[in-house]
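Following: one structure in structure tokens, then a few remarks.
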Amino acid sequence: MDKTKAFSLKKRLIEITKNNYQFSDSINVNSLADEMKEALTSTDGDLRDRLALEVFCNLIYSEKLSDEKCHSLLHELISDKYLLHGLGKECDDSVFSRSFSTYPISSIVRYNHKIGRRILTNDEIKNVLNAALKYLREENDLRDFVDAKGWANSIGHAADFLASLAEDSAFGHSELFAMLNTIRDKICINYASYGADIFRLADAVAAILKRGLISEEAFANWVASFLEYEKTGNYMNDARLASNRSEFFWGLSGRLKKQLPNFHSYAFNAYFKIIES
């Protein structure tokens, strides 16, 4: 997006935020949605994060967009133009496209779930999940804040993405367990904790468990599977793995005690072995 278009879009989005996200009939909402979609790829953090992202999600929930437009936005956002754009690259501006497309995708799925009628088929929603899992598995750009460009925060956004998807009734036991296993693999293989992101992954696990479709025994076995990742002999890698697991389970333990108190004691039999290892 060139500077002139970005400046014009900023002015219009600021006015919309001042008007409490009201979209008047004079606004071409389809054109605005396309502009904000493009702005998600911007290196201007103020435009991308504070304005376009917020207004885009509010526009989706406003019911101003047609079902057809929601469909077309969803299919484009989960493609290699946005969520999967440049996946696998590190320290590259494509991270903004991937990271910030997660929220409007989540908004469309939630909108589909909450309006009392389904505009997406279960197969379409499962395609979203497949894209989300691929994104979390293969995301290698782990930066949080990028100087002069704003937040990237890809892992935190991916965690929020899965937490949102976990709420949808289209997903049963197998899909929820696929989410759990992808989170486990990310923590154990190639993720270095940055601030609160490790706890956002714990939030995603709590959201999955709140669906009530994962038995306590199955979850205990999942916890124990963290022990299957053996030490590599490389001090830094092993220290990172130990830190990731410890922080994650401390965070998850607190969340389960508060949100699912009757689920806690048995499920964490393996947890203390992980902390001691």
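Quick one, can you get me the convex hull of the C-alpha atoms of region 61-172 expressed as volume per residue in Å³?
Values: hull volume 11.0 nm³, N = 112.
Convex hull of Cα atoms, per residue: 98 Å³.
If I build a Gaussian network model for the chain, linking alpha-carbon pairs within less than 10 angstrom, which residue out of Lys210, Lys114, Lys81 has the largest mean-square fluctuation?
It is Lys114.
Counting each DSSP H run of 4 or more residues in the chain as -39500 (n - 2.57), what helix-only mean residue ellipticity at 222 nm follows after dividing by all residues, to the nearest 500 deg cm²/dmol? Write out the running numbers ahead of the final one.
Details: 13 runs with 170 residues, N = 277.
After summing the helix terms and dividing by the residues of the chain, the value is -19500 deg cm²/dmol.
Quick one: Debye curve from the C-alpha atoms of region 143-214, no solvent, what's log10 I(q)/I(0) at q = 0.25 Å⁻¹?
Listed by q, the Debye log ratios stand at -1.09.
Apply the Karplus curve 6.51 cos²θ - 1.76 cosθ + 1.60, θ = phi - 60°, to the phi angles in region 85-102 and return the couplings in whole Hz, x for Gly and Pro.
Ordered by residue, 3J(HN,Hα) equals 5, x, 4, x, 6, 10, 6, 10, 5, 5, 4, 5, 4, 5, 5, 8, 6, 4 Hz.
Please report, in debye to the nearest 20, how large the charge dipole of the chain is about its Cα centre when each Lys and Arg carries +1 at its beta carbon and each Asp and Glu carries -1 there.
Working: 35 positive and 39 negative charges, 111 e Å.
For this selection, approximately 540 debye.
If we count every other residue with Cβ under 14 angstrom of Gly254's Cβ, Lys/Arg +1 and Asp/Glu -1, where does the sum land?
On the way: positive: Arg200, Arg255, Lys257, Lys258; negative: Asp203, Glu247.
Result for the local shell: +2.
Mind checking which lysines have their Cα closer than 21 Å to the Cα of Lys258? Skip sequence neighbours fewer than 8 apart in that chain.
Lys210
Taking R0 as 35 Å, what's the FRET efficiency between Leu213 and Asp92 from their Cβ-Cβ distance, rounded to 0.05?
For Leu213 and Asp92, the calculated efficiency is 0.40.
In whole Å, how far is the Cα centre of region 173-248 from that of region 1-64?
Comparing the Cα centres of region 173-248 and region 1-64, I get a distance of 36 Å.
Heads up, I need the accessible area for Arg117: 1.4 angstrom probe, whole protein in place, Å², nearest 10.
Approximately 110 Å² of Arg117 is accessible to the 1.4 Å probe.
With bins 5 Å wide starting at 0, give me the P(r) of the chain over every alpha carbon pair, in whole percents.
Whole-percent P(r) values from 0 Å outward: 1, 6, 12, 16, 17, 15, 13, 9, 6, 3, 2, 0, 0.
Just name one of Ala158, Thr17, Asn127: the one whose Cα is farthest towards the positive end of the charge dipole of the chain (beta-carbon charges, Lys/Arg +1, Asp/Glu -1).
Thr17
Over the Cα atoms of region 9-132, what radius of gyration and what Dmax do you get, in Å?
14.2, 42
What do you get for Rg/Rh of region 35-90 when both radii come from the Cα atoms and Rh is the Kirkwood radius? Don't skip to the end; give the middle numbers.
Numbers: Rg = 12.2 Å, Rh = 12.2 Å.
Using Cα coordinates only, the ratio equals 1.00.
Taking a virtual spin label 7 Å from the Cα of Ser72 along the C-beta vector, which residues in region 1-36 bring their backbone nitrogen under 15 Å of it?
Flagged as within label range: 28-36.
Excluding residues fewer than 8 places away in the same chain, name every one of the lysines whose C-alpha is closer than 22 Å to that of Lys3.
Those lysines meeting the cut-off are Lys11, Lys37, Lys81, Lys149.
In the chain, with Lys and Arg counted as +1 and Asp and Glu as -1 at Cβ, which of these residues, Ser94, Thr232, Tyr61, has the Cα nearest the positive end of the dipole, that is, farthest along it?
It is Tyr61.
Could you pull out every residue, at least 5 positions away or on a different chain, whose amide H is within less than 5 Å of the one on Trp151? Hs are placed 1.01 Å off N in the peptide plane, and Pro or chain starts have none.
Val146
The values are calculated or read from the model by the stated rules, or taken from the named source; none is laboratory data. The structure displayed is predicted, hence computed values, not measured ones. Positions of Cβ are generated from backbone atoms using ideal geometry, with glycine treated the same way; all protein chains shown enter the neighbour counts. Ligands, DNA and RNA are stripped out before the accessible areas are found, and what is left, the full protein with its side chains, is counted by its heavy atoms. Shrake-Rupley method; radii C 1.70, N 1.55, O 1.52, S 1.80 Å.
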